[in-house]
Structure formats: C-alpha cells, structure tokens
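The values are calculated or read from the model by the stated rules, or taken from the named source; none is laboratory data. If you're wondering where the values come from, they're calculated on a predicted model, not measured in any experiment. Positions of Cβ are generated from backbone atoms using ideal geometry, with glycine treated the same way; all protein chains shown enter the neighbour counts.
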Amino acid sequence: MTIDREGPVPPYRQIADILRARIEDGSISTGRRIPSLVELETEFGVARDTLRKAVKVLKDEGLVETVTGMGVYVVGRRAGGSVDSG
C-alpha cells in the first residue's frame, strides 16, 4: 500500500487510518498483534518515527496497547464503533 506523501493528510495519519480500518473490519482482530514496526516499515516505506506516531494515534484512541517484549495488540472496539474488548 502506498502513502500519499504530497497530500494534505500526514503520512502517519494515513497509516493510522489504514490500521484502524483493518481493526474495524476484523483483518486484525481483538487480542491479535498488529504488524511490527519492521513489517510496517517494509509495507509502507516510511521511517519508524512515522510509524510510532501512527501507533500512538491508535493508542490514544484506545484501540491498541503495548505489551512489553511482545508487541502492540488490539484491545477492543470503541463504543459506537465496531470493536469491543474481549
């Protein structure tokens, strides 16, 4: 998947939107790990700092959390949205 580096939406936001859509459509289900920064770097061709910002957006939304030494996992869906925890 390619990122529009010249568009009005910053690349980290575009990546956060893509990952959010994957969570909401069940491609990455609750309790599953999202792709690692290395995997995302390969997929999107962006710097890790950009990916960290994208993951932070999802953390701030309560969709994912970091499990130390294991990765970033989907924790649940938002009320009114499409995911619930558990």
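Summary of computed values
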| item | result |
| --- | --- |
| Selection from region 38-56 of residues that are surrounded by 15 or more Cβ atoms within 10 Å (Cβ to Cβ), hydrophobic (A, V, I, L, M, F, W, C) and more than 10 Å from the chain's Cα centre (by Cα) | Phe44, Val46 |
| Qualifying residue in region 8-18 (condition: surrounded by fewer than 11 Cβ atoms within 10 Å (Cβ to Cβ) and β-branched (Val, Ile, Thr)) | no |
| Condition met for Thr30 (of a type in the set (Ser, Thr, Tyr) and closer than 20 Å to Val74 by Cβ) | yes |
| Check on Arg32, of a type in the set (D, E, K, R) and within 15 Å of Lys59 (Cβ to Cβ) | no |
| Matching residues in region 35-61 - criterion: being among the small types (Gly, Ala, Ser) and farther than 14 Å from Ala21 by Cα | Ser36, Gly45, Ala47 |
| Cβ-Cβ under 8 Å pairs, at least 6 apart or on other chains, region 35-47 side within 21 Å of Asp4 (Cβ to Cβ), far side at pLDDT below 95 | Glu43/Met1; Phe44/Met1; Phe44/Thr2; Phe44/Ile3; Gly45/Thr2; Gly45/Ile3; Val46/Ile3 |
